[in-house]
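K.L.:
Structure in structure tokens, see below.
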Amino acid sequence: MSRPEADQLLLDAEADVRPTPQGAAARRALLAHPVILMVGIVLASLNMRAALASVSPLVSEISDAFGLSSTATSLVTSVPVLFLGVGALVAPWLGRRFGTEVVLFCALLLLGIGIVVRVVPSTVALYGGGVLIGVAIALLNVLMPGLIKRDFPDRAASMTSVYTGSMIAGATVVAAASVPLEKAFGGSWEASLAFWSLLAAVAAVAWLPQVLIARGRTGHEVRVRPVAGAAPKSVWRSALAWQVTLFMGLQSLWSYVLIAWMPTIFTDHGMSRSTAGVIFAFNNLIQVAGAFGVPLLAGRMRSQRPLVVLVSSLVAGGYVGLMVAPVSGAWLWSAILGVGQGGAVGLALTMIVLRAGDAATAARLSGMAQTVGYLLAAVGPLAAGAVYQVTGSWTVPIALMLGVCATALVVGLFAARDRKI
């Protein structure tokens, strides 16, 4: 099997529509300002993980401030993940109805609002802000790759690097800076979290010229029209689609448990919060190695089973390390987990393309995998927190994650077969 091109790996939420002449004119107008478009993509990508990564190093302070149990604390990270799945359902329709540029601009505004709402002194606001954040990030997740594929078809590889690199850089910087910012603001975790709303605001301002250019040339109603042809395939009735979807969901689950609880696992074993935050940031940074390397290998294989074994084993090994020597081996476990996490998400996204027979099927499979996958992943932080609350130890939650790794391995071996939906 030949290696998939970079633009094939960018799943387009508008794969089943085509621009009208007026819509094509609007896009040409946007591309006449490539610097504006590039800055907008970079700034939006920086925001796509920042609001999630900023919470984990401060979760103990948030818990103490509201008197939350471990289960209730886990909802702080679970609620946004849950609404990543809900938002993925409506993102393609919104993009077609109102235009991608407008929806991305509104998503950045919604993200900034959600970050501010989350620090209002109320548990309702704490969780309500998480809902807004989850929906906003879902819109960015689903629509940004399609925009890049649409507007940079001849530079897909370089733009993919810019997009993913900016996303990981944003998560890394935010994770490392959360505790120092708290100290700089006089011990205020609220100010530390709210600070990142400025990043979303700056990104929204950068998108505003694109919105004005697109709106000035044509209305949304005539920008796109459905593609004529046969009825679309139903991915929801395909066993292979469910196998791909479950692998996506399980690898998301093990990653979001780490996003929610990794710094807490370290601090519960005596590590300082600042050091735990830096190691958590390192985990985010090292994910880039797996995220870039594994898809390149996957595209050269007819079956991706060896890679399923590799990423599942790395993540399982890292979790075992957190169980037996969480502090003394923290940097090593963080690196092993990072390569496995990044490789797993890269493999899951690549298998969506490789298992789909055409671009439209890939887009629908991507929507299914993201919707079901994030709904499944939202259970992880909540379950881990609840079990920790009952047992008073991280041993059982980590053991459950090892079970998730084993299940992902089995499901992934089915999903990695050389077959098409």
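The values are calculated or read from the model by the stated rules, or taken from the named source; none is laboratory data. A quick note: this is a predicted structure, and the numbers were derived from the prediction, not measured. Using ideal geometry, Cβ is built from the backbone for each residue, glycine included, and neighbour counts are taken over all protein chains shown. The protein model used for the area step is the full one, side chains on, heavy atoms only, and it has no ligands, DNA or RNA in it. Shrake-Rupley method; radii C 1.70, N 1.55, O 1.52, S 1.80 Å.
K.L.:
I'd like to compare 195-201, 378-384, 271-277: which one has the highest average count of other Cβ atoms within 10 Å, and what's the full order after that?
P.N.:
By packing density, highest mean first, the sequence is 378-384, 195-201, 271-277.
K.L.:
Can you tell me how the range 287-421 classifies by the Cα gyration tensor, rounded, prolate or oblate, using a/c under 1.5 as the rounded cut?
P.N.:
Prolate, since a/c reaches 1.5 and a/b exceeds b/c.
K.L.:
Moving on. One quarter of the convex hull surface, Cα atoms only: what value does that give for the range 157-210 in nm²? Write down the numbers at each step before the final one.
P.N.:
On the way: hull surface 17.6 nm².
Spelled out: convex hull of the Cα atoms, projected over all directions, averaged, 4.4 nm².
K.L.:
Moving on to the next point. Kindly report the accessible area of the range 291-397 per residue (heavy atoms of protein chains, probe 1.4 Å, no ligands, DNA or RNA), in Å². Walk me through the numbers before you get to the answer.
P.N.:
On the way: 3720 Å² over 107 residues.
Per-residue accessible area for the range 291-397 comes out at 35 Å².
K.L.:
Which FRET efficiency, nearest 0.05, do Leu400 and Asp268 yield, Cβ-Cβ r, R0 22 Å? Could you put the intermediate results ahead of the total?
P.N.:
Working: r = 17 Å, r/R0 = 0.77.
Computed FRET efficiency for Leu400 and Asp268: 0.85.
K.L.:
Once you put a point 7 Å from the Cα of Ser303 and another 7 Å from the Cα of Phe185, both along the Cβ direction, what distance in nm separates them?
P.N.:
It is 5.2 nm.
K.L.:
Now a separate question. Pop out the carbon and sulfur fraction of the accessible area of the range 170-217 as a percent, whole number, probe 1.4 Å. Before the final figure, lay out the partial values.
P.N.:
Details: 1460 of 2040 Å².
Its accessible area is 72 percent carbon and sulfur atoms.
K.L.:
Between Leu296 and Arg417, what FRET efficiency follows from the Cβ-Cβ distance if R0 is 25 Å, with the result rounded to 0.05? Mind showing how you got there, number by number?
P.N.:
On the way: r = 20 Å, r/R0 = 0.80.
Efficiency at R0 = 25 Å is approximately 0.80.
K.L.:
Let me have the relative contact order for the range 280-421, percent, based on Cα pairs under 8 Å that are six or more residues apart. Show your work: numbers first, answer last.
P.N.:
Details: 159 pairs, mean separation 51.1, N = 142.
About 36 percent, as a whole number.
K.L.:
Where does each of Leu310, Leu402 land when they are ordered by accessible area, with a 1.4 Å probe and the largest first?
P.N.:
Numbers: Leu310 80, Leu402 50 Å².
The most accessible residue leads, giving Leu310, Leu402.
K.L.:
Hey, another quick one. Shape of the range 349-418 from its Cα gyration tensor (a ≥ b ≥ c, root eigenvalues): rounded if a/c is under 1.5, otherwise prolate when a/b > b/c, or oblate? Show your work: numbers first, answer last.
P.N.:
Working: a/c = 5.69, a/b = 2.19, b/c = 2.59.
The shape class here is oblate.
K.L.:
Could you order Leu104, Leu181 by accessible surface area, starting with the largest, using a probe radius of 1.4 Å? Write down the numbers at each step before the final one.
P.N.:
On the way: Leu104 0, Leu181 30 Å².
Output order, biggest surface exposure first: Leu181, Leu104.
K.L.:
Turning to a different aspect of this structure: Going by accessible area, probe 1.4 Å, with all protein chains left in place, what is the ranking of Arg300, Arg417, largest first?
P.N.:
Details: Arg300 160, Arg417 50 Å².
Per-residue accessible area, sorted high to low, gives Arg300, Arg417.
K.L.:
Can you give me the distance in nm between label points at Ala325 and Thr123, each placed 7 Å from the Cα along the Cα-to-Cβ direction?
P.N.:
Between Ala325 and Thr123, the label points sit 4.1 nm apart.
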